[in-house]
1. How many angstrom lie between the Cα centre of the range 127-161 and the Cα centre of the range 271-298?
2. For a quick check: sort Trp21, Trp198 by the number of other beta carbons within 10 angstrom, fewest at the front.
3. Can you tell me the length gained on complete extension of the stretch Asn288 to Glu396, counting 0.36 nm per residue apart and subtracting the Cα distance?
4. On average, how much area does the Cα convex hull of the range 74-186 cover when viewed from any direction, in nm²?
5. Dividing the convex hull volume of the Cα atoms of the range 107-164 by its residue count, what figure in Å³ per residue is obtained?
6. Taking a label point 7 Å from the Cα of Asp83 along the Cα→Cβ vector, which residues of the range 126-156 have an amide N closer than 13 Å to it?
7. How far apart, in nanometres, would the label points at Ser254 and Glu212 be if each is projected 7 angstrom from Cα along the Cα-to-Cβ direction?
8. Remind me, relative contact order of the chain in percent, using alpha carbon pairs under 8 angstrom and six or more residues apart?
Amino acid sequence: MYKQIILKPNRDESLKRFHTWIFSGAIAKFSEKPNEGETVDILTHDNKFIARGHYQTGSIACRILTFEDEKIDKNFWTKRIFDAYALRQKLGLANNAHTTAYRLVHGEGDMLSGLIIDIYGKTAVMQAHSAGMFFERQTICETLIEIFGNKLAAVYDKSSATAQFNADTNVADQYLFGNKSQNEEIILEHGNKFLIDWEEGQKTGFFLDQRENRKLLQQYTHNALVLNTFCYTGGFSVSAFRGGANLVHSVDSSQKAIELTQKNIELNFGKNANHQTFTDDTFSFMRNVEDNFYDVIILDPPAFAKHNSAQKNALQAYKRLNVAALTKIKSKGILFTFSCSQAVDKINFRNAVFSAAAISKRNVRILHQLTQPADHPVNIYHPEGEYLKGLVLYVE
């Protein structure tokens, strides 16, 4: 028997539409106050069961796991994670000889709110975004071992970076199964090689959500002078060279990111690639570049707005960044520009880019409207999951 959360009158409408979050303001009372991360039943104001999920303190008070009256036990985890794996098989990502890294579980998109699992070769890297998922990590690990068998050599928990909850994060960031192998640090993405550092790198070690957008870039970089800003580990830089770029400049404020970028360039193209790195703030770097210099520019900044309260400042930052890029790009150049801020929707992002084009007085056409790949699915009842927005622009 699970503890119960009883909602206020008329505060169950979002659950009737299968949204996977309950906000604290919707709660009328508890049958008994649950502990952080505990599984709870959600009842309507007239005590009718409507959902089951993980309780947590904060504005998001509960993350829904199921709208059915089913046990949250080993069978539950096995079925949900196997369903996620079956989808990746259908997408052609599991057992792909040319792409060995993909997202296995994408939170709400796989009806596992609060859980991320990325696969890097034979290593699964998981992040819990809720106490409930953090407390289930060993069961999740066991499920992964059952599903993958000898195709899985290690499971690494990297939850301390996402531990916005009252859990004992001293036991986070550890191998729940196996250990790190030097042979498993290099993955393939459409045949390109990348050195992955899931222990020390950002997120789970690599930005898998840009995989198909990096492939698209290759169509536009033949004989081009390319600028890759916020380059992180150089994913777009490698793709630019794969497409035949003459010169690539990679910029990031992190020296460690720059070092990984250079290693990934050498891993694919040796030490003679016409590649230059700059450890610098992108805005500062742009100020020192002559106008109309690059054929192709990639703008892939970190989230400028992690909360709705920061949206206004974020939109100003996106506008300034795109103005700078539109000043430095040649006529008939190609601009890849992105926002990964969940708090900034695609309409507001496009308006920020529109304003930048107007300020720079460049004629701009949209060639592609980009988003996250299919292994980062968006639950249609949880539109907040569509966080990655991108435009490919033709600049005259």
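1. 39 Å
2. Values: Trp21 18, Trp198 21.
Fewest to most other Cβ atoms nearby, the residues stand as Trp21, Trp198.
3. Working: separation 108, 0.36 × 108 = 38.88 nm, distance 2.22 nm.
This chain segment gains 36.7 nm when fully extended.
4. Numbers: hull surface 27.0 nm².
Result: a mean projected hull area of 6.7 nm².
5. 76 Å³
6. Within reach of a label on Asp83: no residues.
7. About 2.6 nm, to one decimal.
8. Numbers: 852 pairs, mean separation 44.0, N = 396.
That works out to 11 percent.
Throughout, read-outs are computed from the coordinates displayed, never taken from laboratory work. Model, not experiment: these values are computed from the prediction. Counting neighbours? That spans all protein chains shown, and the Cβs are built from the backbone with ideal geometry, glycine included.
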